[in-house]
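Take a look at the structure set out below.
The values are calculated or read from the model by the stated rules, or taken from the named source; none is laboratory data. Every value quoted in this text rests on a predicted model; they were computed, and no experiment measured them. Cβ atoms come from the backbone with ideal geometry, glycine included; neighbour counts cover every protein chain shown. What goes into the accessible areas is simple: the full protein's heavy atoms, side chains included, and nothing from ligands, DNA or RNA. Shrake-Rupley method; radii C 1.70, N 1.55, O 1.52, S 1.80 Å.
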Amino acid sequence: MTRLIHLSDLHFGRDRPELETPLIKVVNDLAPDLVVVSGDFTQRARRSQFEQAAAFMDRIEPPTLSVPGNHDTPLDNLFLRFFRPFGRYKRNIDRNLEPVLETGAMVVAGVNTVNRFSWQRGRLSKRTIRKMTNAFRGAGDRLRIAVLHHPLEHGPHVEKRLMRGAHDTLVAMREAGADMVLSGHLHQTVTRPFAIAPGCLFVQAGTGLSNRLRGEDNMFNLIDASPNRVSVQSWRAGDEPTFAAGETAAFKRGPDGAWVVA
């Protein structure tokens, strides 16, 4: 089994500082093969906030893979937002906005869904979709995992508009044999197969450190996965500055290749 930790929406600048060291300790103690961060390292993409985020990432011992979120591009500095939207992210987090990691067990493709003209909603172009699916070619029996900030599916109670290009992306992922998509943005936890691509698991993380909670505690996902079985365990922090294991969702491959509850 491959072990991943999925963090999202750290939001340095509007974070809970008392949770930072406990979060780093439990992440390192769980010793995953990879730590994934699906965007929104900062609240307003300011230099000081990115410096905090970079210092946080430097303390994580396992390998990491990250993508930007919409809050990682300036909202209130229009010049930077339209002409150099990812400059601070590249200097502090990763110069590659769409990193790809290949191991003997998995292929993980980072996908940048942030668009300067669609700041809140996000957008995926056909070129980006092709680049992602190309990364999965030749994966063979390895896990195919995509990481992006904006979710590709919304529940019935989500008021925000779904990202542009979401439907076409799911169709492409279904054809490319994607096993799992890790996303964030909404500060809410979701673990279920996609409705139009049931062979691909929709894993959405809440916020790791932000004090902007939306009915859920601060949390991260612990994922143990193989091509035919996946378990996703939520680790949560309440009022006390510590993270503890919570509920687990387990899935297995059905006869038709769809994920079903194990």
Next item on the list: Summarise the accessible area of the chain (1.4 Å probe, protein heavy atoms) by the percent that is carbon and sulfur.
Entry: 48 percent
Checklist line | Cα Rg over Rh - the range 143-262, Kirkwood | finding: 0.97
Item checked: Amide H contacts of Thr64 (H built 1.01 Å from N, under 5 Å, at least 5 apart or other chain) -> Val35
Notebook entry, point to check: What length, rounded to one decimal in nm, is gained on full extension from Ser48 through to His154, with 0.36 nm per residue of separation minus their alpha-carbon distance?
Noted result: 34.9 nm
Next item on the list: Compute the relative contact order of the range 1-139 as a whole-number percentage, counting only Cα pairs closer than 8 Å that sit 6 or more residues apart in sequence.
Entry: 20 percent
Notebook entry, point to check: Along the three principal axes, how long is the range 100-145 when you take its alpha carbons, biggest first, rounded to the nearest angstrom?
Noted result: 38, 16, 11
Note to self: So I have (i) 26, 22, 17; (ii) 31, 22, 17; (iii) 66, 16, 14, and one of them is semi-axes √(5λ) of the Cα gyration tensor in Å calculated from this model. Which one is it?
What the structure shows: (i)
Note to self: For the chain, set up a GNM with springs between Cα atoms under 10 Å and report which of Glu102, Glu20, Glu247 has the largest fluctuation.
What the structure shows: Glu247
Next item on the list: Per residue, how big is the convex hull around the C-alpha atoms of the range 138-187? Give it to me in cubic angstrom, could you?
Entry: 85 Å³
Notebook entry, point to check: Fully extended, how many nm does the chain gain between Arg127 and Leu75 (0.36 nm per residue separation, minus their Cα-Cα distance)?
Noted result: 16.2 nm
Note to self: Sequence gap at least 6, Cα distance under 8 Å: using those rules, report the relative contact order of the range 120-262 to the nearest whole percent.
What the structure shows: 17 percent
Margin query: Running a GNM on the chain with Cα contacts under 10 Å, which residue among Ser210, Ser48, Ser234 ends up with the highest mean-square fluctuation?
Written below: Ser48
Note to self: In whole Å, what are the extents of the range 34-158 along the principal axes defined by its C-alpha atoms, from largest to smallest?
What the structure shows: 45, 35, 31
Next item on the list: Would you tell me the accessible area of Leu75, worked out with a 1.4 angstrom probe on the heavy atoms of the protein chains, in Å² to the nearest 10?
Entry: 60 Å²
Check: Over the C-alpha atoms of the range 205-246, what are the Rg and the largest Cα-to-Cα span, Dmax, in Å?
Finding: 11.9, 37
Note to self: Applying a 10 Å radius around every beta-carbon, put 31-44, 127-140 in order of their mean neighbour count, most first.
What the structure shows: 31-44, 127-140
Notebook entry, point to check: Which ³J(HN,Hα) values, rounded to whole Hz and listed in residue order, are derived for the range 172-185 from phi using the Karplus coefficients 6.51, -1.76 and 1.60 in 6.51 cos²θ - 1.76 cosθ + 1.60 with θ = phi - 60°, glycine and proline given as x?
Noted result: 5, 5, 4, 6, 8, x, 4, 8, 7, 10, 9, 9, x, 6
Margin query: If you take every DSSP beta bridge fully contained in the range 1-110, what fraction is antiparallel? Give it as a percent rounded to 5.
Written below: 25 percent
Margin query: On a 32 Å Cα-Cα criterion, which of the cross-link pairs Lys25/Lys160; Lys25/Lys126; Lys126/Lys160 come out too long?
Written below: Lys25/Lys160; Lys25/Lys126
Next item on the list: Could you state the accessible area per residue of the range 1-113 in Å², with a 1.4 Å probe and every protein chain left in place?
Entry: 41 Å²
